[in-house]
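What follows is a short report on a single structure.
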Amino acid sequence: MSTTPVLFSRTDPALGTFSVRPLDPFSDAELLHRWVTDPKASFWMMQDASLTDVEREYMRITAHEHHHAFIGLHEGEPAFLMESYDPRELELVGLYDPQPGDVGMHFLVAPTQTPLSGFTRAVITTVMAALFDDPATRRVVVEPDVRNKAVHALNEAVGFVPEREITKPEKEALLSFCTRAAFEAATGVFATGDSEEETAA
């Protein structure tokens, strides 16, 4: 098991412990390569990437001032990829009017032969809780491919509200926003440091 420090952790009532650690572009490269080139990861747009391509891409991200990458764990085992970015500097520059406290987000669930019911929703809930664990985060911004209906449904389930379609160089995207209040109302989850409280439904 990695000795890399855990940055955030939460316990899902049904599925157990989820946590987030920093991504290492060298030691995690083979793992990431398997994930991003899997057929189910087509919307990640790295289907034809080589191992070297993946290593270089995540070296670039981890060195970037405004872009951050993390490995998500389920019960201590790598299970998802999480990225955050400053939309004033990357991805959405000139495509919308950013507000103070906006944070951009991407996530990818690892392919598995033994899917668990509710797992992807637990992952996105963890990703959002980790972002909102930073008091400076007021709103999360996403721009998924307009064709990615599964992610649109997941986003809506945790409080995202679509605003409009936008044209990016690589795709037509659905610009959507989720405030802290909307996330808490949709999920009943409140990030509280290294643990989490869930309100009664």
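Each reported figure results from applying straightforward, stated rules to the coordinates on display, with no laboratory input. Every value quoted in this text rests on a predicted model; they were computed, and no experiment measured them. Neighbour counts are summed over all protein chains in view; Cβ atoms, including those assigned to glycine, are modelled from backbone coordinates with ideal geometry.
Looking across region 1-29, the residues that are surrounded by fewer than 18 Cβ atoms within 10 Å (Cβ to Cβ), touching an Asp or Glu at 6+ places or on another chain (Cβ under 9 Å) and either closer than 16 Å to M82 by Cα or polar (S, T, N, Q) (or both) come down to S2, T4, V6, L7, T11, T17.
Can you tell me which residues in region 101-146 are assigned to a helix (DSSP H, G or I), of a type in the set (A, V, I, L, M, F, W, C) and within 17 Å of L73 (Cβ to Cβ)?
So the first thing to find is which residues in region 101-146 are assigned to a helix (DSSP H, G or I), and the list is 119-132.
Remaining after also requiring of a type in the set (A, V, I, L, M, F, W, C): 119, 122-124, 127-132.
Of everything in region 101-146, those that are assigned to a helix (DSSP H, G or I), of a type in the set (A, V, I, L, M, F, W, C) and within 17 Å of L73 (Cβ to Cβ) turn out to be F119, A122, V123, I124, V127, M128, A129, A130, L131.
Looking at region 148-193, which of the residues that are among the basic types (K, R) and in contact with a strand residue (DSSP E or B) (Cβ under 8 Å, 6 or more places away or on another chain) is nearest to I124 (Cα to Cα)? I'd like the intermediate steps shown before the answer.
Keep residues of region 148-193 that are among the basic types (K, R), which gives 149, 164, 168, 171, 180.
Keeping just the survivors that are in contact with a strand residue (DSSP E or B) (Cβ under 8 Å, 6 or more places away or on another chain) gives 164, 171, 180.
Numbers: R164: 21, K171: 22, R180: 14 Å.
Taking the candidates together, the pick is R180.
For region 37-56, a residue qualifies if it is surrounded by 15 or more Cβ atoms within 10 Å (Cβ to Cβ) and either of a type in the set (A, V, I, L, M) or without any contact (Cβ under 8 Å) to a residue 24 or more places away in the chain (or both), and the qualifying residues are T37, A41, M46, A49, D53, V54.
A Cβ distance below 8 Å, combined with a sequence gap of six or more or placement on separate chains, defines the contacts here; from region 169-188, residues that are within 16 Å of L90 (Cα to Cα) reach residues that are of a type in the set (S, T, Y) and not in a loop (DSSP other than H, G, I, E, B) in the pairs A173/T167. Are any of the residues in region 136-146 touching a residue at least 60 places away in the same chain (Cβ under 8 Å), of a type outside the set (G, A, S), touching a helix residue (DSSP H, G or I) at 6+ places or on another chain (Cβ under 9 Å) and more than 15 Å from P22 (Cα to Cα)? Looking through region 136-146, at least one residue is touching a residue at least 60 places away in the same chain (Cβ under 8 Å), of a type outside the set (G, A, S), touching a helix residue (DSSP H, G or I) at 6+ places or on another chain (Cβ under 9 Å) and more than 15 Å from P22 (Cα to Cα). Just one of the listed residues (E184, E89, E163) is over 26 Å from T62 (Cα atoms) and either of a type in the set (G, A, S) or not in a strand (DSSP E or B) (or both), and it is E184.
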